[in-house]
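K.L.:
Next up is a structure, given as structure tokens.
Every number here is computed from the coordinates shown, using simple stated rules; none is lab data. Note that the coordinates shown come from a computational prediction; the quantities given were computed from them, not determined experimentally. In this analysis, Cβ positions are derived from the backbone assuming ideal geometry, glycine residues included, and neighbour counts consider all displayed protein chains.
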Amino acid sequence: METTTLTAETVTLVEGAAHNPAEPRHFMRIKPVRRRVRVLRDGAVLADSTAAVRLLEVGRDLYDPVIYFPRDDVTDALKKNAHSTHCPLKGDAVYFDLPGMSGGIVAEKIAWSYETPLDFASELAGLVAFYGDAVTVEEAPL
């Protein structure tokens, strides 16, 4: 059985996108969000930014867009947990829990960040994203 190795020469690349060198059909595009974006959980504001970016990614599927926020625009209440994962396109992700007022955890793994992303994902350094099913995301005109 013959196998075919995909390369950038055999796959049409998306202009302005970062492609996974080992699998060029896995790619992402990061675009500025030209709106004010807020993240809320039970009425509490977890992030509020006019400098967020939207990541669009294609891998084994067409993934839902994800908004990433500058760390300075995210609440300090988030606490890093021990969970981590690896993405061949973005690098190693760390995850954050949202603690409650009494010290317990209100939401586990509510957000994540690529603190030291791979070179071709360097735009994600210092940014934090939230799981859309755990929060409310509001976008409004500037």
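K.L.:
If you place +1 on the Cβ of every Lys and Arg and -1 on the Cβ of every Asp and Glu, how big does the dipole about the Cα centre of the chain come out, in debye to the nearest 20?
P.N.:
300
K.L.:
Determine, from the Cβ-Cβ distance of V45 and N81 and an R0 of 25 Å, the FRET efficiency 1/(1 + (r/R0)^6), rounded to the nearest 0.05. Each step should come with its number before you reach the end.
P.N.:
On the way: r = 21 Å, r/R0 = 0.86.
The computed FRET efficiency comes out at 0.70.
K.L.:
Taking Rh as the Kirkwood radius, which is the inverse of the mean 1/r over Cα pairs, what is the Rg/Rh value for segment 95-142?
P.N.:
Rounded to two decimals, Rg/Rh equals 1.08.
K.L.:
When each pair of different Cα atoms in segment 18-136 is counted once in the 1/r mean, what is the Kirkwood radius in angstroms, to one decimal?
P.N.:
Value: 14.8 Å, from the Cα pair sum.
K.L.:
Oh, and also: Could you sort the peptides 14-27, 122-135 by per-residue average Cβ neighbour count (10 Å cutoff), highest mean leading?
P.N.:
122-135, 14-27
K.L.:
Dividing the Cα convex hull volume of segment 51-116 by residue count, how many Å³ per residue is that? Spell out each step's value before the answer.
P.N.:
On the way: hull volume 6.9 nm³, N = 66.
Per residue, the Cα convex hull of segment 51-116 comes to 105 Å³.
K.L.:
Can you give the FRET efficiency for R71 and R25, using 1/(1 + (r/R0)^6), R0 = 30 Å, r = Cβ-Cβ distance, to the nearest 0.05?
P.N.:
Details: r = 31 Å, r/R0 = 1.03.
Once rounded, the FRET efficiency stands at 0.45.
K.L.:
Just name one of L127, A51, A93: the one whose Cα is farthest towards the positive end of the charge dipole of the chain (beta-carbon charges, Lys/Arg +1, Asp/Glu -1).
P.N.:
A51
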